[in-house]
1. From (1) touching a residue at least 60 places away in the same chain (Cβ under 8 Å); (2) under 15 Å from S26 (Cβ atoms), pick out the condition that doesn't hold for D228.
2. Checking G258 against (1) closer than 30 Å to T229 by Cα; (2) modelled with pLDDT of 85 or more, only one condition comes out false. Which one?
3. What tally of residues in the range 232-279 results from selecting those that are closer than 21 Å to R343 by Cβ and open to solvent by less than 40 Å² (accessible area, probe 1.4 Å)?
4. Determine whether I42 is in contact with a Ser or Thr (Cβ under 8 Å, 6 or more places away or on another chain), modelled with pLDDT of 95 or more and either within 19 Å of D287 (Cβ to Cβ) or not in a helix (DSSP H, G or I) (or both).
5. Would you say E36 is touching a His at 6+ places or on another chain (Cβ under 8 Å) and either open to solvent by 70 Å² or more (accessible area, probe 1.4 Å) or not in a loop (DSSP other than H, G, I, E, B) (or both)?
6. Is one or more of the residues making up the range 121-138 over 29 Å from the mean Cα position of the chain (by Cα), open to solvent by 60 Å² or more (accessible area, probe 1.4 Å) and modelled with pLDDT under 90?
7. Sort out which residues of the range 314-351 are of a type in the set (A, V, I, L, M) and farther than 23 Å from G258 by Cα, and write them in order of number.
8. Which condition breaks for S215 when tested against (1) in a loop (DSSP other than H, G, I, E, B); (2) under 30 Å from P125 (Cα atoms); (3) polar (S, T, N, Q)?
Amino acid sequence: MYRDETRKVRIGDVTIGGGSPIAIQSMTNTKTEDAEATAEQILALEKAGCEIIRCAVPTMEAAQAIGRIKERIHIPLVADIHFDYRLAIAAIENGADKIRINPGNIGDADRVQAVVDKAKERQIPIRVGVNSGSLEKSLVERYGGVTAEGLAQSAMDKVHMIENMGYDNLVVSIKSSDVMMCVKAHEMIARECPYPLHVGITEAGTLLAGNIKSSIGLGLILSQGIGDTIRVSLTGAPVEEIRSGKIILKTLGLRQGGIEVVSCPTCGRTKIDLIGLANQVEDMVEDIPLNIKVAVMGCVVNGPGEAKEADIGIAGGIGEGLLIKKGEVVKKVKEDQLLETLRQELLNWNE
């Protein structure tokens, strides 16, 4: 099922699937038991653009903290459960908007049924998660190792299990740190799964490696029309996952809005601190609600020409720089005034 065809699922006040906008998710790295710290982190993620947040629930204390956390936040909260079915039930009772389980590590069918019954009672979606690191031994043996076929088969087995228990308010995720395996698994499961797919490359790595692997994997999957929600999994601050997710969606033309910053890669002609300036511009524009392109160029030789496709831009010279609008040089300002000049132009932007 391509994203326009998947079922619609409501998570709190956010709807995914059935052609709904692709939602960006992240996961807190605070101790969920610390409701105050967790809520503070979620509020920062909201500001960055996070639309669904997931919290680990490893203890009963964490499950009971969900209600206090939800009192302070404004986006749906997903409880991430492993091993203990009682934690899933407690998380639902304390207000989780969705739960994430891997039925394979929850226990026997009776325990999974107990979770399903509680979710059905509250009409809480269940995200069925399968990870390459925990693929069932029988499937590893059947397919000769951990494979895309095994991942897709495992996920659909879990889906059918919960369907047979009388519930179909589902979201599905299949994750692997092997990018191309993950892509293939999504291509396979999209052919037979009617439920929204949550897409991500698990254990992708640090900011550098994780962003590259996630961009390639998510790009290949999303560009085929597959995927309803995403998480860019990074070993770093969760807010970086949101920034990366927004850029990936905008690059693929799957999201509009917000300022896009383009900048040149520097060369021997660069006479200003272009790297520092470009980073300052990127930080500055985060809270400016415009849907335009801003260029930050390193020299006045190619700057005006390269900035023509941008709505506005700056190009550095020797101790000074140019302000460029729609490819035309507007004025020359001192280097230390470039950032503020651009900021004022953006704050007073008029189409």
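1. The single condition D228 does not satisfy is (2).
2. Single failed check for G258: (2).
3. Total satisfying the criteria: 10.
4. yes
5. Numbers: touching a His at 6+ places or on another chain (Cβ under 8 Å): no; either open to solvent by 70 Å² or more (accessible area, probe 1.4 Å) or not in a loop (DSSP other than H, G, I, E, B) (or both): yes.
So E36 fails the test.
6. yes
7. Of the range 314-351, the ones of a type in the set (A, V, I, L, M) are 314-315, 318, 322-324, 329-330, 333, 338-339, 342, 346-347.
The answer is I318, L322, V329, V330, V333.
8. Result: S215 fails condition (1) only.
The values are calculated or read from the model by the stated rules, or taken from the named source; none is laboratory data. All values derive from a computational prediction rather than experimental measurement. Cβ coordinates were reconstructed from backbone atoms using ideal geometry, including for glycine residues, and neighbour counts include every protein chain displayed. For accessibility, only protein heavy atoms count, side chains too; no ligands or nucleic acids. Shrake-Rupley method; radii C 1.70, N 1.55, O 1.52, S 1.80 Å.
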